Amino acid sequence: MPTKTIVSCAITGAIHTPTMSDALPINPEMIAEQAIEAAQAGATILHLHARNPKNGAPSVDPEHFRYFLARIRAETDAIVNISTGGSISMGIEERIAPAAEFSPEMCSMNMGSLNFSLHPLADRYENFKEDWEEPFLRGSENAIFRNTFQDIAKVAKTLGEEHQVKFEHECYDVGHLYNLDFCLKQGMFKAPIFLQFVMGILGGIAAEVENLVFMKRTADKLFGSNYHWSVIGAGNQQMRMATVAAQMGGHVRVGLEDSLFIEHRKLATSNAQQVRRVREILERQGNQIATPDEARKMLDLKGGDRVKF
Ligand code: KMH
Ligand code: ZN
């Protein structure tokens, strides 16, 4: 069992679109406000994507990160984790540009290619606020979220070696754990590693307790004891998977990136509301939330004073 539970909060991501919820942050000011509020509510790590302020579309332009990174650093002590996932059809060079510019303590690292499909979401809405939303969602039916071994090696070299970034290794299926094992044997990453089991994305493993147990058992077999793990339950499974994961000794990730809900069919009003809810669940069952400094020690991070924003 880890002594303390790390709560990651993924503020906006690149799955949901402005039509789906008024609470979804779609410009730098909203991202800053909600990230700061999430940190005040107890989030240990803030997982961050950017949006184009003109239309709320996912963006990897470093200029769309600059304002909110500076405000988050000035107003919180949370660990900043910059996504290298960008959005599903973007290339790896553009996806790593923000992290290479701002050199955060952590970045996401997607451990394999997959069908990452959002197209069923398009059928839930008749009208969209922005022109890009419907083609973006429907187009994902024929898209591959590409993360080849060469892409992974590129991220490891550019961000791990050159910026001493620690990775949130996002694993969407059991095979991705074997990809990570291969990369570790090539010497790409330093222990302790931080795994994020991503469950419930169409194209990846389903958010079911049996699958979580299997992912954990496989990780134990491959990585022994020198690793930390966390869970994302996408959509309605967010709180349920977080509850079970924390009971099993794992860490948890919440946030509007992966679920717009606070409970069944009820939209969350903010990222902080989800952080407060998961915190309440965890504390009631005896888990204690890790502070950013406690997580820095657990994950052996370079430190909040060695970032470039
Ligand atoms: N929203 C997650 C399922 C990344 O940022 O690198 C995927 C994600 C990818 O978080
Ligand atoms: Zn993300």
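Is it fair to say residue 206 is surrounded by fewer than 17 Cβ atoms within 10 Å (Cβ to Cβ) and within 16 Å of ligand 1 (Cβ to nearest atom)? For residue 206, the condition - surrounded by fewer than 17 Cβ atoms within 10 Å (Cβ to Cβ) and within 16 Å of ligand 1 (Cβ to nearest atom) - is met. Is it the case that residue 266 is of a type in the set (Lys, Arg), surrounded by fewer than 19 Cβ atoms within 10 Å (Cβ to Cβ) and out of contact with any helix residue (DSSP H, G or I) (no Cβ under 8 Å at 6 or more places or on another chain)? Criteria met by residue 266. Exactly one residue among 112, 56 is assigned to a loop (DSSP other than H, G, I, E, B), away from ligand 1 (no atom under 15 Å from the Cβ) and surrounded by 19 or more Cβ atoms within 10 Å (Cβ to Cβ), and that residue is 56.
Scanning the stretch 14-26 for residues that are away from ligand 1 (no atom under 15 Å from the Cβ), in a loop (DSSP other than H, G, I, E, B) and out of contact with any strand residue (DSSP E or B) (no Cβ under 6 Å at 6 or more places or on another chain) yields 22, 23. A search for C-beta distances below 6 Å between a residue of the stretch 286-309 that is farther than 13 Å from residue 78 by Cα and any residue that is buried (at least 16 other Cβ atoms within 10 Å of the Cβ) and of a type in the set (Phe, Trp, Tyr), counting only pairs 6+ apart in sequence or on different chains, returns 299/194; 308/102; 309/102. Of the set (1) modelled with pLDDT of 95 or more; (2) within 15 Å of the chain's Cα centre (by Cα); (3) within 15 Å of ligand 1 (Cβ to nearest atom), all apply to residue 78 but (3). When residue 154 is tested against (1) basic (Lys, Arg); (2) part of a loop (DSSP other than H, G, I, E, B); (3) within 15 Å of ligand 1 (Cβ to nearest atom), just one condition goes unmet, and that condition is (2).
Yes/no per residue for (1) outside any helix (DSSP H, G or I); (2) within 16 Å of the chain's Cα centre (by Cα); (3) under 24 Å from residue 235 (Cβ atoms); (4) not polar (S, T, N, Q):
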| site | (1), (2), (3), (4) |
| --- | --- |
| 31 | no, yes, yes, yes |
| 74 | no, no, no, yes |
| 93 | no, no, no, yes |
| 116 | yes, yes, yes, yes |
| 125 | yes, no, yes, yes |
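The C-beta contact set for the stretch 11-27 (first residue over 18 Å from residue 138 (Cα atoms), second residue basic (Lys, Arg) and within 14 Å of ligand 1 (Cβ to nearest atom), distance under 9 angstrom, 6+ apart or interchain) comprises 12/51; 24/51; 25/51; 26/51; 27/51. In this structure, residue 100 does not satisfy being surrounded by fewer than 16 Cβ atoms within 10 Å (Cβ to Cβ), over 16 Å from the mean Cα position of the chain (by Cα) and not charged (D, E, K, R). The residue that is nearest to ligand 2 (Cβ to nearest atom), counting only those in the stretch 209-268 that are in a loop (DSSP other than H, G, I, E, B) and farther than 21 Å from residue 23 by Cα, is 250.
Scanning the stretch 245-265 for residues that are under 22 Å from residue 299 (Cβ atoms), away from ligand 1 (no atom under 12 Å from the Cβ) and of a type in the set (Val, Ile, Thr) yields one hit, 252. Of everything in the stretch 5-26 that is in contact with a His (Cβ under 9 Å, 6 or more places away or on another chain) and away from ligand 2 (no atom under 15 Å from the Cβ), the residue that is farthest from residue 55 (Cα to Cα) is 5.
The values are calculated or read from the model by the stated rules, or taken from the named source; none is laboratory data. The structure displayed is predicted, hence computed values, not measured ones. A quick note on method: Cβ atoms are made from the backbone with ideal geometry, for glycine too, and the neighbour counts reach across all protein chains shown.
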